[in-house]
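First up is the structure itself, then whatever we jot down about it.
Laboratory data are not the source of any read-out in this text; all were calculated from the coordinates shown. Every value quoted in this text rests on a predicted model; they were computed, and no experiment measured them. All Cβ positions, glycine included, derive from the backbone under ideal geometry; neighbour counts span all protein chains shown.
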Amino acid sequence: MDEPVIEYDKAAFRHGFTIGDIEWAIRTSVFGEPLIDEGEGTYMLVGFDRAGNLLEVAYRELDDGSYYVFHAMRCRPQWRTHAGV
């Protein structure tokens, strides 16, 4: 299966993570769920960056199947709990 094309909002880099870190977190995701309050097609996932840190990544899945990432940061406790890690 092909990996999705990923586009980024500048806010995705606010916490200092790189494209490589974010894409690795997407590939290694251990949890994901829709973000109901953010609208249809918006998701939060939890995965690992290239250094093994747990990240939370929020994105919108667009009509063409690509991802629009608008948030990436070190995983907060509530998402660790949801993910069971």
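Could you list L45, L35 so that the one with the fewest beta carbons within 10 Å of its beta carbon is first and the one with the most is last? Let's see the in-between values first.
Details: L45 21, L35 15.
If I rank by nearby Cβ atoms, fewest first, I get L35, L45.
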Could you work out how far the C-alpha centroid of region 5-41 sits from that of region 58-73, in angstrom? 6 Å
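Only bridges whose two residues both fall in the chain count here: according to DSSP, what percent of them are antiparallel, nearest 5? Present the calculation step by step, with values, prior to reporting the outcome.
Working: 18 of 21 bridges.
So the antiparallel bridges amount to about 85 percent of the total.
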Taking the chain, which GluC sites (Glu not before Pro) meet the DSSP loop condition and have no more than 11 other C-beta atoms within 10 Å? E40
Using just the helices of the chain, give the 222 nm mean residue ellipticity in deg cm²/dmol: DSSP H runs with n ≥ 4 each add -39,500 (n - 2.57), and the total is spread over all residues, rounded to 500. -5000 deg cm²/dmol
Quick one: Karplus J couplings for region 41-55, per residue in order, coefficients 6.51, -1.76, 1.60, θ = phi - 60°, nearest Hz, x for Gly and Pro? x, 10, 9, 10, 10, 10, x, 9, 7, 5, 9, x, 7, 7, 10
Report the full-extension gain for the segment R80 to F13: residue separation times 0.36 nm, less the Cα-Cα distance, to one decimal in nm. 22.1 nm
Could you list the residues of region 42-75 with an amide nitrogen less than 16 Å from a label point located 7 Å from the Cα of V5 in the Cα-to-C-beta direction? 60-69
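Tell me, what is the percent relative contact order of the chain, built from C-alpha pairs under 8 Å that lie six or more residues apart? Walk me through the numbers before you get to the answer.
Working: 163 pairs, mean separation 27.0, N = 85.
Reported relative contact order: 32 percent.
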